[in-house]
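The next block holds one structure in the form of structure tokens; read it before the comments.
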Amino acid sequence: MLSLFKFLILGAISFTSVNAKCKVIPGSAGWPSSADWDALNRTLGGQLIKPTPPGAVCHSDQPTYNNATCAVITKQWSNYTFHADNPVSTDWDNTNNDTCLPDPAQPCSPIGYPVYVVNATTPENVAVGVNFAAANNIRLIVKGTGHDYMGRSVSPNSLSIWTHNMRGINLHDAFQPQGCKHSIPATAVTAAAGHNLIDLYAATDSYNLTIVGGLEATVGLGGYLTGGGHSPLSTAYGMAADNILELTVITPSGSKLTVNECQHPDLFYAFRGGGGSTFGVMTSVTLKTYPTPRVAVLSLQLTMSSATDNIWDMVAYILSQYPSLSNKTISADPQIAAIPSGNATTLYFIGNFRSISPQGVPYLSAAMQPIFSHIQSTWPAASINYTTTLYPTFYSHFLATAYSVGPGYNFRLGSRLLDAPTLTGNLTALTSAVKGFCGQLGCGPLLRGGKGIWDAVPSGGSDAVLPAWRKTVVHFVTGAIWAANNATAEASAVAAMEQRVTILRNLLPNSGAYINEANRDEPDFQQAFWGTNYPKLAAIKKAYDPTDVFWCHPCVGNEGWKEVGDKLCTV
Ligand SMILES: Cc1cc2nc3c(=O)[nH]c(=O)nc-3n(C[C@H](O)[C@H](O)[C@H](O)COP(=O)(O)OP(=O)(O)OC[C@H]3O[C@@H](n4cnc5c(N)ncnc54)[C@H](O)[C@@H]3O)c2cc1C
């Protein structure tokens with residue numbers, strides 16, 4: 001019996017290895033020669049980079065070792081802009097498997113990073129890179145800023161298209177999509193893919209306008225928009241992707257296309273929520289803009305110490321009020337921490353609630369006061385402190401309130417989307433789920449969903465944003481952190497996070513999670529990130545990229561390949 005079992009296993013292994021095809025890697029048959037890479041560089045006008053890992057400057061066995069530069073890099077490692085400005089660096093160390101940290105005590109090798117980078121400044125550069133990767137069967141990736149929590153913008157043995165230096169912003173009084181007979185009577189902005197959110201906030205603010213964008217200056221347009229993009233303005237104006245009017249893209253076959261509701265509507269659909277580095281490379285985008293609103297912000301610091309679970313009753317009560325706040329287009333991004341001390345636990349519920357109502361602070365205060373009154377009468381031990389501020393524009397509000405803890409460590413996110421009935425229906429179930437999900441490790445119940453997303457009418461009628469967003473009120477996030485190069489610590493941190501996410505998954509099984517801010521190992525990711533849109537997206541992927549020039553995880557149509565060590569091979 002044992003030998004039969006062995007035979008079956010060995011048979012299966014040899015079957016896989018005989019039939020599997022892999023993307024080529026340096027040293028393997030088919031990897032382009034130095035002369036080929038030189039020729040590519042000439043075609044690109046010198047825009048090909050042979051990168052070194054940024055952390056290598058801290059390692060005496062690496063050619064770029066330099067103690068002084070190491071000190072600079074070590075300091076910059078927690079700076080989002082540093083990682084965005086570097087051709088290969090990424091925010092989260094685990095996305096390159098801790099392969100070269102700026103820490104001499106850790107090992108360093110270039111294996112976690114791309115072998116070559118196309119420093120694209122034009123769509124033509126992008127097309128040349130895509131065609132070279134396709135012709136030579138090389139793993140192809142795309143990096144804008146390297147912010148991705150999923151690790152999609154870095155990989156071993158790859159050619160990377162780096163879009164960071166694609167620049168140019170134009171504003172429009174009205175916009176006529178190419179090939180359409182009609183003009184869209186809305187102000188709009190066209191931006192090259194290398195820009196980040198703050199560039200667009202600044203450019204549009206000069207004209208008293210704003211885009212629908214997220215709350216971090218350096219988040220790049222490419223990943224943010226292709227994932228959907230939530231915003232403090234989403235409760236009023238929808239997801240960022242719902243506001244895309246046109247894109248220029250380089251397809252997996254190297255064609256430059258302008259896609260909109262009238263031209264290539266299938267690709268237009270897929271790029272708006274179908275995920276980054278899957279359907280091609282976005283080289284520029286045109287977004288609807290809005291008159292910049294005044295923004296009222298209430299900065300809340302709510303704390304309560306208790307020896308019982310009533311802190312979680314209070315949190316569940318606040319969440320049960322989110323749907324009514326959302327109906328008033330209020331958004332919020334608090335963080336929750338529950339810190340044990342002796343027999344008691346102290347709960348911290350800290351963050352900003354904001355409103356774009358023309359009535360400003362009085363409107364926001366009137367919405368929040370009944371909630372505070374209820375808390376004070378029901379949980380007298382709670383301490384509520386807040387300040388209110390009215391900002392004259394969305395951009396000024398952004399500059400004053402956008403804040404995020406820096407990168408530069410091992411980190412994974414876990415999240416789920418929850419709708420109004422789940423928040424208001426069964427408070428006992430909600431309390432228990434919130435306690436289990438947040439626990440001592442903390443969480444963020446981001447109030448992002450509302451009528452703006454639920455009733456959005458994207459250009460052309462629909463886009464690929466996860467249908468669950470069309471009912472969502474809360475994008476509920478948590479995370480896992482662990483020490484570098486410690487597989488046991490990683491496994492246990494990720495498993496603990498997954499256990500906590502499962503609690504929310506069980507609370508609302510048919511919901512989903514936001515592709516850009518979730519666990520890359522979310523079970524049944526196709527359903528979780530794209531829901532009923534998945535079959536259509538998979539068909540578009542097959543039509544435009546039948547040989548999988550673009551591959552990433554977790555991404556549409558990636559089922560035919562898997563990572564085997566540092567290789568990418570067919571299953
Ligand atoms: C501090 C911080 C704050 C955030 N805040 C928000 C927020 O408020 N709202 C929100 O919705 N999200 C937010 N995010 C999540 C953010 O949307 C994702 O991290 C997103 O993937 C970032 O995109 P990027 O292009 O900057 O990153 P990258 O890591 O460069 O790219 C992410 C993905 O997009 C692909 N990609 C990049 N450029 C292109 C392109 N031109 N064409 C095709 N594919 C491309 C990459 O290959 C990768 O798959 C935040 C992230 C961070 C780190």
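A simple rule links phi to the HN-Hα coupling: the Karplus curve 6.51 cos²θ - 1.76 cosθ + 1.60 with θ = phi - 60°, which for region 358-371 gives x, 7, x, 4, x, 5, 5, 4, 5, 6, 8, 4, x, 5 Hz, with x for Gly and Pro. Here the sum of -39500 (n - 2.57) over DSSP H runs of 4 or more residues, divided by the residues of the chain, equals -9500 deg cm²/dmol at 222 nm, to the nearest 500. Packing-based ranking of 483-489, 329-335, 443-449 yields 443-449, 329-335, 483-489, ordered from highest to lowest mean Cβ neighbour count within 10 Å. DSSP beta bridges confined to region 34-162 are antiparallel in about 25 percent of cases. Note on surface exposure: Trp469, Trp454 rank Trp454, Trp469 by accessible area, highest first, 1.4 Å probe.
This model, with +1 at the C-beta of Lys and Arg and -1 at the C-beta of Asp and Glu, gives region 34-162 a dipole about its Cα centre of some 180 debye. Separation of region 208-222 from region 224-283 is 15 Å, based on Cα centroids. Charged side chains reduced to their Cβ positions (Lys and Arg at +1, Asp and Glu at -1) give region 178-282 a dipole of some 200 debye around its Cα centre. Model label sites at Asn385 and Ala543, defined 7 Å from Cα along the beta-carbon direction, differ in position by 5.8 nm. Summing charges over neighbours of Thr218, with a neighbour being any other residue whose Cβ is under 12 Å away from its Cβ, gives -4 when K and R count +1 and D and E count -1.
Filter Lys143/Lys328; Lys143/Lys562; Lys471/Lys536; Lys23/Lys143; Lys328/Lys471 down to the pairs with a C-alpha to C-alpha distance above 26 Å, please. Flagged as over cut-off: Lys143/Lys328. Annotation: amide H-H contacts under 5 Å for Leu209 (H modelled 1.01 Å from N, sequence separation of 5 or more, or interchain): Thr292. Name the shape class, rounded, prolate or oblate, that the alpha-carbon gyration tensor gives for region 72-228, where a ≥ b ≥ c are the square roots of its eigenvalues, rounded holds for a/c under 1.5, and otherwise prolate holds if a/b is larger than b/c and oblate otherwise. It comes out oblate by the Cα gyration axes. These residues, Glu498, Glu563, go from largest to smallest accessible area, 1.4 Å probe, as Glu563, Glu498. The local environment of Arg139, defined by Cβ-Cβ distances under 15 Å, has a net charge of +2 under the rule Lys, Arg +1 and Asp, Glu -1. In region 34-162, taking the dipole from charged Cβ atoms about the Cα centre, the farthest positive-side position among Gly46, Phe82, Pro107 is held by Gly46. Note on Leu209: accessible area approximately 20 square angstrom, rounded to 10, probe 1.4 Å, nucleic acids and ligands left out.
Neighbours of Ala56, meaning other residues whose beta-carbon lies under 15 angstrom from its beta-carbon, give a summed charge of -3 when Lys and Arg score +1 and Asp and Glu score -1. In a reduced charge model with +1 at each Lys and Arg Cβ and -1 at each Asp and Glu Cβ, the chain shows a dipole moment near 560 debye about its Cα centre.
Quick one: Debye curve from the alpha-carbon atoms of the chain only, equal weights, vacuum; give me log10 I(q)/I(0) at q = 0.08, 0.09 Å⁻¹ to two decimals. For the chain at q = 0.08, 0.09 Å⁻¹, log10 I(q)/I(0) is -0.55, -0.70. Can you tell which of Ile503, Leu364, Val473 lies farthest toward the positive end of the dipole of region 295-531, using +1 and -1 charges on the Cβ of basic and acidic side chains (Lys, Arg; Asp, Glu)? Among Ile503, Leu364, Val473, the one farthest towards the positive end of the dipole of region 295-531 is Leu364.
Between region 488-557 and region 365-381, the C-alpha centres lie 38 angstrom from each other.
Of the residues Tyr403, Tyr386, ranked by 1.4 Å probe accessible area with the largest first, the sequence reads Tyr403, Tyr386. Over every Cα atom in region 295-531, the radius of gyration and the widest Cα-Cα span, Dmax, amount to 18.0, 58 Å. Phi angles of region 488-496 translate, via the Karplus equation with coefficients 6.51, -1.76, 1.60 and θ = phi - 60°, into HN-Hα couplings of 5, 5, 4, 4, 6, 5, 5, 5, 5 Hz per residue; Gly and Pro are given as x.
Amide H contacts of Phe411 (H built 1.01 Å from N, in plane; Pro and chain starts excluded): Asp93, Asn94 sit under 5 Å, all sequence-distant by 5 or more or on other chains. Extending 7 Å from Cα along the Cβ direction at Ser253 and again at Ser60 yields two label points whose distance is 5.6 nm. Averaged per residue, region 489-571 has 43 square angstrom of accessible surface, using a 1.4 angstrom probe with ligands and nucleic acids left out. Projecting the Cα atoms of Gln301, Val564, Pro265 onto the charge dipole of the chain (Cβ charges, centred on the Cα centre) puts Pro265 farthest toward the positive pole. In sequence order, region 235-249 has phi-based couplings of 4, 9, 10, x, 6, 4, 5, 5, 9, 7, 9, 6, 9, 10, 9 Hz under the Karplus curve 6.51 cos²θ - 1.76 cosθ + 1.60, θ = phi - 60°, and Gly or Pro positions carry x.
Note on region 433-571: semi-axes of the ellipsoid equivalent to its C-alpha gyration tensor, largest first and rounded to whole Å, are 27, 25, 11.
For the peptides 61-68, 166-173, the ranking by packing is 166-173, 61-68, with the highest mean count of neighbouring Cβ atoms within 10 Å listed first.
The values are calculated or read from the model by the stated rules, or taken from the named source; none is laboratory data. These figures come from a predicted structure and were not determined experimentally. Backbone-built Cβ (ideal geometry, glycine too); neighbour counts: all protein chains shown. Areas reflect the complete protein model, heavy atoms only, side chains present, ligands, DNA and RNA absent. Shrake-Rupley method; radii C 1.70, N 1.55, O 1.52, S 1.80 Å.
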